[in-house]
Amino acid sequence: MRHLKLLRIGPIGFRIGSHWRRPIAALDELYRDYPGPRDDIADFNVHLFAARPWRRVLRPSVHIAGDFVIPDAAPLPLAQGLLAAEMGMNLQMALGLRRYLLLHASMVERNGRAVLMTGISGAGKSTLAALLMARGWRLMGDEFALIDCATGLAHAFPRLVSLKNEAIDVVTQALPGARFGPLLQGTPKGAIRHLVPDARAIAAMEVPAEPSLILFPRFGFEPAERPVLPSEAFVRLTQSSTNYVALAERGFEALTRLVQTVPARAIDYPDAATALAMVEALA
Amino acid sequence: MNPALLLAGVLRDPATIADLAAPDWNALWAVARAEQLAGTLAHRIAGLPMPEAAAQLVADAIVSAEQGRTAALWEAEMARRALAELDVPVVLLKGTAYAAAGLSPSVGRVIGDLDILVPRDAMAAVEAALLAASWEWVKPDPYDDAYYRRWMHELPPLIHRDRDKMIDVHHTILPLTARIRPDAAALLADSVALGNGLRMLGAQDMLCHAAAHLFADGDLAGGMRNLWDIHCLLGEFGFDGLAERAAQHGLGAAMARAVRQSVRLYGTEAPPKWQGWDALDPLFHRRLTARDAWGRSTRKAVQLGFYIRSHLLRMPPAMLARHLWTKWRKGYRPA
């Protein structure tokens, strides 16, 4: 691999290799304040490569692979190389992580207490996390929350925040001074723009927090709120974890402990301002 | 240094990690993962002085392998229960057998599918019992299904509906289309009872199966792991009676090559008559160690050669042509 980037997000080190300079240059720029992997030894490798040599230059198409792969992962055009790198890192986490229970959730922290937000795509996880960051919360991550099976603490994974479609304008307005990646049009998930987490989120990315609230937000409904029983939270979180089954007993114990010690609420919201008020009233 | 040789060197002599710089560590793990040897590597180097980040990878891999072992043994127990009524011998093969018997290749080893050997005349009953116990067909294609049933040494793979685990039910250890016809009755007759109500192959047969799998079948993909099994089994069982047993199965040449390759790659201790290096051995060695520092496979021409060889081993040319034509029309292309 001709071009190389080493970086660490929270506790996880990555080594990303690419046939092209562009995706690595984008990572260099947007992750410039992030450290390298501990001891320069990565937890995961990501490869961005051309399936055939001529596809490096002719209609370049970026294939994604790494230590852990899924069959038939669709390639992306070179203009979306940054997205390919992000997807590659997410894929390694989803398929390969065994050190923590991985929950597909965004997470913010205030006074040492972490709020986890999980739900289907479009529920507003990333948007709410970014807007809460704008209001002074520490962003711990917009995609994955890492639960330590031994201590129950939540570890941060503050990768670039992936904003999609309408959320891009909402967050750009809320964070006029923030750094953003290029606007990527026409990706498999529509328009995407990456937001660089603020200096505080990066500086504190090794600091875990005690989970204090689990939220199941839903966007596009009249404001409503209800408590979620531990049993329901358990089932929904098994569905939002990619490694719950692989962790077996450790995963079961970490997850039962989480839902038995941390209250959970489902919140419906019609717009961001309502959601922020609801979250801050609950947390 | 070739990163596959780096991995082999560390498995051979774990103390050599003292000389590794960070890029070497990254290459070592990438290749170990690609060759399904991460857990094995972890157990080999655990406890030695190393950078903290490497020690963390070791700890993760050991926990992962232990969970894989528990799940594999549970899967074997599920099969035992499903087949208990039939009163046929059920012989565990490969990874699950090593784990059930506590043999040295099982330390840290990834265990894929559950492979079992049963008498050929019991295949229909075994299939029915597994289907009744919630295993389901994986191959929806009628050509593939018919091909398995007519020509293969195993049933089409079955997958368990709830546990999502695959079982391969064998009645011998090489396809029926191959020129070599191992003595399946002898494999069963000389199998050994395990404490859990299941059986495993006798020591020499276990080695013959590993050698047949690696050198008389398939294209050597993931061969470093299979050769490591052979290296460990040779250390465990030695060479007594091995040549004779291999010859009985028609696997003398495959066994001899397995030993030579294991001596070369892992430094296996072997009697002089097993050592040496024939004209094709360098090519096998190149195929086995075709990895770059990212764990990606290299030497595409060598690989393609072994891919073609695997098919020639598996079936006569006219049949191969018909098979490849059918698969091509169905849209299959070699990776």
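Values as computed for the structure displayed
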item	result
Relative contact order of chain A, defined on C-alpha pairs under 8 angstrom at six or more residues apart (%)	17
Å² of accessible area per residue within chain A, as computed with a 1.4 Å probe and no ligands counted	42
Expected 222 nm ellipticity per residue - DSSP helices of 4 or more, -39500 (n - 2.57), all of chain A, to 500	-9000 deg cm²/dmol
The stretch B:3-329, relative contact order [Cα under 8 Å, separation at least 6], %	19
Residues of the stretch B:10-29 buried by at least 30 Å² on assembly (accessible area, 1.4 Å probe, chain alone as reference)	B:Ala22, B:Asn26
Beta bridges by DSSP in the stretch A:100-282, antiparallel share as percent, to the nearest 5	70
Crossing angle, helix B:3-12 versus chain B [Cα axis fit, 0-90 degrees, rounded to tens]	90
Per residue accessible area in Å² of the stretch B:3-329, where ligands, DNA and RNA are left out and the probe is 1.4 Å	42
Charged-residue dipole, Cβ positions (Lys, Arg, Asp, Glu), the stretch B:239-335 about Cα centre, Debye nearest 20	800
Accessible-area composition of the protein assembly as shown, carbon plus sulfur, in percent [1.4 Å probe]	55
Magnitude of the charge dipole, the protein assembly as shown, Cβ model with Lys/Arg +1 and Asp/Glu -1, debye to 20	2000
Theoretical FRET efficiency, 1/(1+(r/R0)^6), r = Cβ-Cβ of A:Leu229 and A:Thr274, R0 30 Å, to 0.05	0.80
Cα long-axis angle, helix B:317-329 against chain B (0 to 90 degrees, to the nearest 10)	80
Signed unit charges on C-beta, dipole axis of the stretch A:100-282, positive-most listed residue A:Gly186, A:Ala156, A:Val235	A:Gly186
Farthest positive-ward along the protein assembly as shown dipole, Cα basis, beta-carbon charges - from A:Phe144, A:Gln80, B:Ala146	A:Gln80
Once exposed loop trypsin sites (Lys or Arg not before Pro) are cut out (DSSP; at most 12 other Cβ, 10 Å), longest piece of chain B	B:1-160
Nearest-ten-degree value, helix B:300-314 long axis tilted from longest Cα axis of chain B	30
Antiparallel DSSP beta bridges within chain B, as percent of all bridges there, nearest 5	65
Unit charges at the beta carbon, dipole of the stretch B:3-329: most positive-side option, B:Ile230, B:Pro105, B:Leu313	B:Leu313
Rg and Dmax [Cα atoms of the protein assembly as shown; Å; Rg one decimal, Dmax integer]	26.6, 82
Three-way shape label, the stretch B:40-108, alpha-carbon gyration tensor, a/c 1.5	prolate
Rg ratio (alpha-carbon, reference 2.2 N^0.38 Å) - the stretch A:100-282	0.98
Summed buried accessible surface, chains A and B, 1.4 Å probe, nearest 100 Å²	1800
Chain A: DSSP helices with Cα axial extent of at least 20 Å and average Kyte-Doolittle hydropathy no lower than 0.5	A:81-96
Long pairs among A:Lys189/B:Lys327; A:Lys164/B:Lys139; A:Lys164/B:Lys165; A:Lys125/B:Lys139; A:Lys189/B:Lys330; B:Lys165/B:Lys327, criterion Cα-Cα beyond 28 Å	A:Lys189/B:Lys327; A:Lys164/B:Lys139; A:Lys164/B:Lys165; A:Lys125/B:Lys139; A:Lys189/B:Lys330
Extension gain, A:Val57 back to A:Ala191 (0.36 nm per residue minus Cα-Cα distance, nm)	45.8 nm
Chain B, helix-only ellipticity at 222 nm - DSSP H runs n ≥ 4, -39,500 (n - 2.57), divided by all residues, nearest 500	-17000 deg cm²/dmol
Rule-of-thumb Rg ratio for the stretch A:3-96 [Cα; 2.2 N^0.38 Å; N residues]	1.02
Modelled label reach - B:Thr298, point 7 Å along Cα→Cβ, the stretch B:254-280 residues with backbone N closer than 19 Å	B:265-266
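The values are calculated or read from the model by the stated rules, or taken from the named source; none is laboratory data. Predicted model, so just to flag it, every value in this text is computed and none were measured. Using ideal geometry, Cβ is built from the backbone for each residue, glycine included, and neighbour counts are taken over all protein chains shown. Ligands, DNA and RNA are excluded from the accessible area calculation, which covers all protein heavy atoms including side chains. Shrake-Rupley method; radii C 1.70, N 1.55, O 1.52, S 1.80 Å.
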